[in-house]
Amino acid sequence: MNAAVWRIKSFDELSATELYKILQVRINVFVVEQNCPYPETDGYDEKALHLWAEKNGEIAAYCRVFAPGIKYDFASIGRVLTNQKFRGQNFGKGLMKIAVDIIETKFGTAKIQISAQDYLLNFYEEFGFQSTGNSYLEDDIPHTEMLRS
């Protein structure tokens, strides 16, 4: 088996094939698997850095990274996922570690805001995120705003 390859690209750097694979895995996880019909293409992809792990030609894990002032006042990470086929292999932890490192290095800040699905609150706490106490339903899924500073 091949080792995973980590990639980070701006929207303009993505090939058509890479963009297709990204949208495919996001739709599979967020729309199909979570049974949540919502507009997956939200107008933010062009403003994001796209980070993913690729293994055997498939996206194993993925997220979007945003500079401060794009989604929130602080830098942010969103659309965090691990492909169902690759769960339990620590891709999510690797993804978050690299995403945080990118924000600290590229944007010079440790302040990061995320919108976390509630069942993942403990996972994000491992990376220094803390609940703001602001909980809400997004597409009928309980979410909590979290900050890391």
Across the stretch 103-149, what is the number of residues that are crowded, with 16+ Cβ neighbours inside 10 Å, out of contact with any strand residue (DSSP E or B) (no Cβ under 6 Å at 6 or more places or on another chain) and of a type in the set (Asp, Glu)? 0
For the stretch 103-129, give me the residue count where each residue is in a loop (DSSP other than H, G, I, E, B) and of a type in the set (Ser, Thr, Tyr). 1
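Yes or no, residue by residue, for (1) surrounded by 18 or more Cβ atoms within 10 Å (Cβ to Cβ); (2) without any contact (Cβ under 8 Å) to a residue 12 or more places away in the chain; (3) in a strand (DSSP E or B); (4) of a type in the set (S, T, N, Q):
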| site | (1), (2), (3), (4) |
| --- | --- |
| TRP52 | yes, no, yes, no |
| ILE70 | no, no, no, no |
| SER76 | yes, no, yes, yes |
| ASP101 | no, yes, no, no |
Do you know which residues across the stretch 1-50 are in a helix (DSSP H, G or I), closer than 18 Å to ALA99 by Cβ and basic (Lys, Arg)? ARG26, LYS47
Has the stretch 1-10 got at least one residue that is at pLDDT 95 or above and over 18 Å from ILE77 (Cβ atoms)? yes
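The values are calculated or read from the model by the stated rules, or taken from the named source; none is laboratory data. Keep in mind the model is a prediction, meaning the values are calculated, not measured. Cβ coordinates were reconstructed from backbone atoms using ideal geometry, including for glycine residues, and neighbour counts include every protein chain displayed.
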